[in-house]
Amino acid sequence: MSVEQIEQQIQQLPATELIRLAQWFRGFLASKPGTSAGAEADWQEPPELVAELDRRLAEFTANPGIAVPFEPDYFENLKRQLADERTQKASAR
C-alpha cells in the first residue's frame with residue numbers, strides 16, 4: 001500500500017478513530033530507534049497544559065460535533081502570516 005493510499009484511508013476515518021490512530025502512531029514512533037519521537041519522549045509538558053489538553057480531548061470525544069473544520073485555505077493563510085511576521089522581524093534588525 002502506498003503512502004497516498006494510506007492518506008486517503010486516514011482522511012475517511014471519523015474523529016474518534018483519528019484520535020486513536022494518532023495516539024497509537026505516537027507510541028509506535030517513540031518505539032523506533034532513530035526517530036525524533038523517541039527524543040520527544042524525554043520532554044515533559046507542564047501539568048497545566050496536559051490537564052487542559054486532556055479536558056479538551058474529553059470534551060471533543062464526548063461530542064465530536066463541536067469540531068470546526070479548517071477552511072480550505074487555512075494553512076496557506078497561516079504560512080503567509082508567518083512569512084509576513086518573519087519579514088517584519090528581519091527588517092527590524
Please identify the pairs in which a residue from segment 64-93 that is of a type outside the set (Gly, Ala, Ser) has its Cβ atom under 6 Å from the Cβ atom of a residue that is assigned to a helix (DSSP H, G or I), counting only partners at least 6 apart or on another chain. 64/15
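Going through segment 62-77 one residue at a time, which ones are farther than 26 Å from residue 17 by Cβ and in a helix (DSSP H, G or I)?
At the first step, the residues of segment 62-77 found to be farther than 26 Å from residue 17 by Cβ are 73, 76-77.
The answer is 76, 77.
Coordinate-derived values only; no laboratory data. Keep in mind that what you see is a predicted model, and the values were worked out from it rather than measured. Heads up, the Cβs are rebuilt from the backbone with ideal geometry, glycines too, and the neighbour counts pull from every protein chain shown.
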